[in-house]
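The values are calculated or read from the model by the stated rules, or taken from the named source; none is laboratory data. Everything numeric here is computed off the predicted structure, so don't read it as measured data. Glycine gets a Cβ as well: all are built from the backbone with ideal geometry, and neighbour counts include every protein chain shown. Heavy atoms of the whole protein, side chains included, go into the accessibility calculation; ligands, DNA and RNA do not. Shrake-Rupley method; radii C 1.70, N 1.55, O 1.52, S 1.80 Å.
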Amino acid sequence: CASDNGNPNSVTVYVSADEHIAREIFSAFTEKTGIVVAWVGDTESSKNTTLVQRLIREKNRPIADVFWSSEILGTIKLAQENVLSPCETKRTMEWPAQYRDSQMRWFGFSPRARVIAYDPQKISEEELPRFWWDYSDAVIADPRFGTTRTHVAVMAEFPEKSEKLFATMKHKPMLGGNAATVQAVIDGLALFAMTDTDDVYGAINRGHSIAMFMPRHHEGVGGGTLLIPNTVGIVNGCENHNLAKTFVDFLLSEEVAMMLATSPSRNIPLQPSVAKHFPTLAVDDPLRVDFNKAAALDVEQITVVMDAFAQ
C-alpha cells in the first residue's frame, strides 16, 4: 500500500464520505494516534461506485489500506470479490451483529436515514402518505449510484409494490443526486423528494423551507425507516494492516460517533452511550433489512427501475 512520502507511520484511506467531514475525522485520528492519513476521495455523484471499481482493479496490487464508504452495497460487493480482509479487534468483535459482516470484513456505523423531503409551507405532515409506495409524485436521484441504489435494492424485497411505484414515477425526471432532489422541492419543481437526512439538514441550515418525513415500508414491527450506514473495511493484502486496524477501531469509536452526530450531516449514532445525547436523531422503528440479500438483488432491481424510467 502507498504511504505518505515513505512515512512508515501512515495509512492510506479511500473514502466516499463528504470531504469536509472526512478531513475532520482524519485530523482527529492523527492527533490521537500520530498516524498520518494519506487519503483518496472523489467529488462526483458516482464517487462510491468509482472507488469500488478502482479497488477491484487494484485487487492484485492494492494501494489503499482501508475503504471508508458512505453506504453499504459497494462494500458488500468488495467483500464478495475478496478485496476486503477480516479485522478482528476487541471493538469489532463486540460490534452489533446486524452492522458487521459475518466474516468480519466490513462494519457499519453512524447511518443516515432515507426520508421524504417536502415543503411544510405547501403541505402539512398530516397530509403525507404513510408508506413509501404512495410517493409516485416524488423525484429520485439516479438509482445506479449511492444511497439511492441501496434503497432501490432494498425495495426489491417488495417486488409488486416497488415495480408499481417506479412504473408510476417514470414521468418524473431522474436527477443527478440526493441534493438535487431536495433542490427540486425547494425550487417548487417537485412536491416530494426521495433523499437522505443529511441533504435535508443541509437545506435547513441554508435557511430553506424544507422538512423531512419517514414513511414506512410495511405495517409490522421493523417496517419503518431504512438506515444506511457508513461502512469500513481493510483492503486485503495491504501493507499496513495493523495501522489499518487502528483506523477501523477509531471509526467505530464513541468519539467519531459524536463527531458525526454533531457534524452538518447529523449521522445517527449506534452506540447507546452516544445516542442518549441526541434524542432528536433517534429513529422509532428502523426497517429490518438483510443487506446481503439486497446486494444479491441489486443488479436485477436496477435494471427493472432503469427500464421503467426508459419507457
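Side notes on the structure shown:
- GLU219 closer than 25 Å to GLU88 by Cβ, out of contact with any strand residue (DSSP E or B) (no Cβ under 8 Å at 6 or more places or on another chain) and either outside any helix (DSSP H, G or I) or polar (S, T, N, Q) (or both): no
- Hits in the stretch 234-280 (condition: within 23 Å of VAL200 (Cβ to Cβ), touching a residue at least 40 places away in the same chain (Cβ under 8 Å), open to solvent by less than 40 Å² (accessible area, probe 1.4 Å) and not in a loop (DSSP other than H, G, I, E, B)): VAL256, ALA257, LEU260, ALA261
- Per the listing ALA179, ALA190, the residue uniquely touching a helix residue (DSSP H, G or I) at 6+ places or on another chain (Cβ under 7 Å), without any contact (Cβ under 8 Å) to a residue 60 or more places away in the chain and in a loop (DSSP other than H, G, I, E, B) is ALA190.
- Residue count for the stretch 286-300 under the criterion of being open to solvent by 80 Å² or more (accessible area, probe 1.4 Å) and not charged (D, E, K, R): the result is 2.
- Pairs where the first residue, in the stretch 214-226, is farther than 23 Å from GLY108 by Cα and of a type outside the set (A, V, I, L, M, F, W, C) and the second is assigned to a strand (DSSP E or B) and at pLDDT 95 or above, C-beta under 9 Å, 6+ apart: HIS218/PHE131; GLU219/PHE131
- Residue count for the stretch 75-104, restricted to those that are open to solvent by less than 40 Å² (accessible area, probe 1.4 Å) and either free of Cβ contacts under 8 Å to residues at least 60 places away in the same chain or assigned to a loop (DSSP other than H, G, I, E, B) (or both): 6
- Against the list (1) more than 15 Å from the chain's Cα centre (by Cα); (2) assigned to a helix (DSSP H, G or I); (3) not hydrophobic (A, V, I, L, M, F, W, C), the condition ARG149 fails is (1).
- Number of positions in the stretch 44-74 that are open to solvent by 80 Å² or more (accessible area, probe 1.4 Å) and in a helix (DSSP H, G or I): 2
- Selection from the stretch 153-166 of residues that are open to solvent by less than 60 Å² (accessible area, probe 1.4 Å) and either modelled with pLDDT under 90 or assigned to a loop (DSSP other than H, G, I, E, B) (or both): ALA156, PHE158
- The stretch 10-36, residues that are open to solvent by 20 Å² or more (accessible area, probe 1.4 Å) and hydroxyl-bearing (Ser, Thr, Tyr): SER27, THR30, THR33
- Of all the numbered requirements in (1) surrounded by 18 or more Cβ atoms within 10 Å (Cβ to Cβ); (2) closer than 28 Å to GLU24 by Cα; (3) of a type in the set (A, V, I, L, M, F, W, C), VAL283 misses one, and that requirement is (1).
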